[in-house]
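The values are calculated or read from the model by the stated rules, or taken from the named source; none is laboratory data. Since we're looking at a predicted model, the values are computed, not measured. Don't worry about glycine lacking a Cβ; one is built from the backbone with ideal geometry, like all the others, and counts go over all protein chains shown. SASA here: full protein model, heavy atoms, side chains in, ligands and nucleic acids out. Shrake-Rupley method; radii C 1.70, N 1.55, O 1.52, S 1.80 Å.
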Amino acid sequence: MSDQKSSQNYSFQAEVSQLLHLVTHSLYSNPEIFLRELVSNASDACDKLRFEGINHPELYENDPDVHVRIALDDINKTITISDNGIGLTEQEAIDNLGTIAKSGTKDFMSKLTGDQKSDAQLIGQFGVGFYSGFIVADKIVVESRRAGAEEGQSVRWTSGGTGDFEVEQITKASRGTDIILHLREDALDYLQSQKVKQIVNKYSDHISLPIQMQKEVWQEEEVAEGETPTGGQMVKTDEWEAINSASALWTRSKSEVTDEQYVEFYKNLTHAYDEPLAWSHNRVEGNTEYTQLLYIPSKAPHDIFTREAKAGIKLYVKRVFIMDDADNLIPNYLRFVQGVVDSADLPLNVSRELLQESRDVKLIREGNARRILTLIDGLAKSEDEKDQEKFKQFYAEFGSVLKEGLGEDTGNRDRILKILRFATSTNEDITTSLADYKARMKDGQKAIYYVTADSLLAAKNSPQLELFKKKGIEVLLMADRVDEWAMNFVHEFDGVVMQSIAKGAVDLGDLQDAEEKKALEQAQAEFKPVVDKLTEALKDKTKDVRVTTRLVDSPACLVTNEGELSPQLARMLKQAGQAVPDMKPTLEINPEHPLVKKLAETVQFDDLANVIFDQAVIAEGGLPEDPAAYVKRINSLLVK
Ligand code: ADP
Ligand code: MG
């Protein structure tokens with residue numbers, strides 16, 4: 001290799017410098033992970049070559065066997081990780097090894113505080129890829145030739161891991177990349193081949209291509225003739241041997257894989273450091289053939305509710321890596337699932353566009369959804385305390401996301417409903433399933449009642465609940481943002497109607513006795529003039545006014561008309577910038593309430609009517625349309 005062009009100096013992007021400082025200055029509790037990161041990059045590079053090689057076989061340069069090699073050099077105190085994968089051009093080396101493109105790492109940087117102890121912990125959570133080499137090295141040299149490029153068009157990238165790096169053009173015969181780590185004095189352990197083998201075994205055993213080291217043989221000490229040798233040493237030969245089992249973990253049968261291996265694979269796959277809550281590994285045969293290995297993480301990613309949230313399924317076709325984040329392979333409401341799908345039927349050159357239309361993909365997506373729902377249901381139903389704990393954690397992290405499925409996945413709506421848990425008016429822990437509720441229903445109760453609100457407290461205190469409390473009828477309290485929207489799609493559970501107590505007229509059916517019905521009819525007759533006057537006074541704000549039976553302590557409440565959006569949902573959609581049709585609620589008044597009784601005789605009818613209406617809006621968690629007018633009216637009434 002000879003230099004053909006003088007080298008160029010570049011500064012690291014500010015975030016990289018910051019990261020490097022951290023890597024080298026904070027105590028890294030787990031220095032050995034540098035090997036996992038670099039081997040994983042080498043393996044990625046080989047995957048990329050395989051992928052580009054599908055349409056451009058010439059990139060293989062007649063050397064189709066890809067591998068990763070780790071070479072130890074005691075004399076120069078270096079460890080070199082080489083691959084004959086895709087390689088880097090000069091520009092790619094500058095871009096990819098000088099900046100941070102990964103959003104995860106950027107997010108990591110934004111969380112840094114400068115407090116070494118907590119920052120070191122953070123590093124543990126994120127992983128820092130290529131730069132982790134600087135945990136053990138005070139100088140890293142990268143030499144690379146892009147597949148298909150001429151030997152003279154190779155690049156050498158050198159850095160001491162501080163502010164800058166150097167790039168020069170070199171000549172390199174072999175395809176791919178060598179990462180040469182010049183070890184720090186305190187990291188010379190990594191020159192021991194046993195130690196390196198152990199680490200590779202621990203982290204990278206599943207990697208589907210061979211990771212090789214030089215074969216070593218025992219050479220006895222040379223002694224004079226007649227004497228027996230008392231010592232000797234291992235010496236390296238020219239032969240390379242694989243030190244990993246090199247079979248993709250998901251291709252093995254379940255019985256051959258230990259829990260530890262599943263967990264380690266998850267960590268490799270996701271670059272996450274949490275333990276998965278549960279996993280499901282199956283070979284599916286039938287209309288389409290594929291292997292699925294799906295994990296439920298124990299933590300939700302920070303961006304799970306943003307548009308950027310990505311599905312975590314990697315797609316392979318016959319062991320060849322095709323793409324990350326294959327969002328067609330899992331419904332959106334299960335986007336937290338991580339894992340691998342390896343299809344036997346899809347074409348290797350499948351594109352995202354093709355995936356959208358493929359019948360095989362549709363079958364795989366449905367199969368994946370069913371598996372995950374079964375897995376969750378299994379945890380929910382399990383008697384095992386550990387599973388119960390896991391289910392609880394699952395629900396806290398992903399329950400809201402799962403509910404999106406009620407609208408998104410009609411076919412699995414019933415399965416999802418079975419998994420959901422709610423707080424109720426008699427048990428505020430979020431532990432009641434619909435089946436539990438149904439089992440506790442009163443004699444004569446014909447519907448499952450629920451109320452949605454912005455918070456559990458608001459739900460608990462909602463005026464609509466008063467009658468139900470009085471009669472001792474349990475009501476589900478729903479306070480998740482998504483509930484209101486999701487419940488639009490749910491009309492019954494296991495043959496029982498689900499009824500919002502804030503929508504339409506309450507019909508308690510047999511739960512209401514003849515006397516109560518008669519009392520209502522009387523009140524309706526008695527209040528007819530008041531109701532007519534109210535209807536006229538509030539005609540711009542309400543669709544209808546009627547006497548209610550659902551209130552006990554409050555003067556009035558708003559009721560959403562059957563088939564219309566509730567005020568909360570309307571507010572939510574408006575906040576999200578969506579067009580919402582103008583809807584007027586129905587006002588229900590409580591004939592027993594002193595304020596309502598006052599309506600019949602007051603001279604300030606208009607003020608009182610509007611105040612009663614605005615208070616009903618406030619009780620819903622809304623704001624009066626004209627707060628100043630509301631205050632003025634209240635004050636005027638107070639003074640009188
Ligand atoms: P990530 O692997 O998550 O992208 P890294 O910090 O580990 O992040 O690597 C940064 C980038 O450097 C990679 O995305 C890749 O473009 C490039 N790179 C690193 N190692 C190699 C390699 N052995 N061969 C080719 N490119 C590499
Ligand atoms: Mg990496």
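Structure data summary
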read-out	value
Tally, over the range 126-166, of residues that are part of a strand (DSSP E or B) and either hydrophobic (A, V, I, L, M, F, W, C) or away from ligand 1 (no atom under 11 Å from the Cβ) (or both)	15
Residue match in the range 348-360 (condition: of a type in the set (Val, Ile, Thr), crowded, with 18+ Cβ neighbours inside 10 Å and under 15 Å from residue 405 (Cα atoms))	no
Near pairs, Cβ below 6 angstrom, 6+ apart or cross-chain, from the range 80-102 (assigned by TED's automatic domain parsing to the domain that holds residue 130 and over 20 Å from residue 34 (Cα atoms)) to any residue that is modelled with pLDDT under 95 and within 15 Å of ligand 2 (Cβ to nearest atom)	86/45; 86/48
Answer residue from the range 193-220, given it is open to solvent by 90 Å² or more (accessible area, probe 1.4 Å) and free of Cβ contacts under 8 Å to residues at least 60 places away in the same chain and is nearest to residue 258 (Cα to Cα) among those	198
Single residue of the range 265-300 satisfying the filter (charged (D, E, K, R) and over 19 Å from the mean Cα position of the chain (by Cα)) that is farthest from residue 374 (Cα to Cα)	289
Matching residues in the range 180-192 - criterion: being open to solvent by 20 Å² or more (accessible area, probe 1.4 Å) and either among the charged types (D, E, K, R) or in contact with a helix residue (DSSP H, G or I) (Cβ under 8 Å, 6 or more places away or on another chain) (or both)	184, 185, 186, 189
Restricting the range 82-101 to residues that are modelled with pLDDT under 95 and near ligand 1 (Cβ under 6 Å from one of its atoms), the residue that is surrounded by the fewest Cβ atoms within 10 Å (Cβ to Cβ)	96
From 516, 484, residue being at pLDDT below 90, within 27 Å of residue 407 (Cα to Cα) and in a helix (DSSP H, G or I)	484
Set 258, 237, 306, 291: member being away from ligand 1 (no atom under 16 Å from the Cβ) and assigned by TED's automatic domain parsing to the domain that holds residue 193	237
Residues that are in contact with an Asp or Glu (Cβ under 9 Å, 6 or more places away or on another chain), away from ligand 1 (no atom under 16 Å from the Cβ) and open to solvent by 20 Å² or more (accessible area, probe 1.4 Å), drawn from the range 264-278	264
Of residues in the range 482-524 being of a type in the set (D, E, K, R) and over 26 Å from residue 414 (Cα atoms), the one most open to solvent (accessible area, probe 1.4 Å)	515
Residue 528, sole failed condition from (1) closer than 19 Å to residue 470 by Cβ; (2) open to solvent by 40 Å² or more (accessible area, probe 1.4 Å); (3) of a type outside the set (Gly, Ala, Ser)	(1)
Residues satisfying the stated conditions in the range 594-640, i.e. open to solvent by 40 Å² or more (accessible area, probe 1.4 Å) and under 19 Å from residue 467 (Cβ atoms)	594, 595, 597, 615, 619
Residue list for the range 587-623, restricted to those being closer than 27 Å to residue 570 by Cα, modelled with pLDDT of 90 or more and not in a helix (DSSP H, G or I)	587, 588, 589, 590
Test for residue 454: is it surrounded by 15 or more Cβ atoms within 10 Å (Cβ to Cβ), touching a helix residue (DSSP H, G or I) at 6+ places or on another chain (Cβ under 9 Å) and in a helix (DSSP H, G or I)	no
Qualifying residue in the range 249-258 (condition: of a type in the set (Lys, Arg) and part of a strand (DSSP E or B))	no
Residue pairs meeting the criteria (Cβ under 8 Å; at least 6 apart or on separate chains; first basic (Lys, Arg), in the range 389-404; second in a helix (DSSP H, G or I))	390/379; 403/333; 403/416; 403/482; 403/483; 403/486
Single residue of the range 33-91 satisfying the filter (of a type in the set (Ser, Thr, Tyr) and part of a strand (DSSP E or B)) that is nearest to residue 144 (Cα to Cα)	82
Failed item, numbered, when residue 394 is tested on (1) touching a Leu at 6+ places or on another chain (Cβ under 7 Å); (2) open to solvent by 60 Å² or more (accessible area, probe 1.4 Å)	(2)
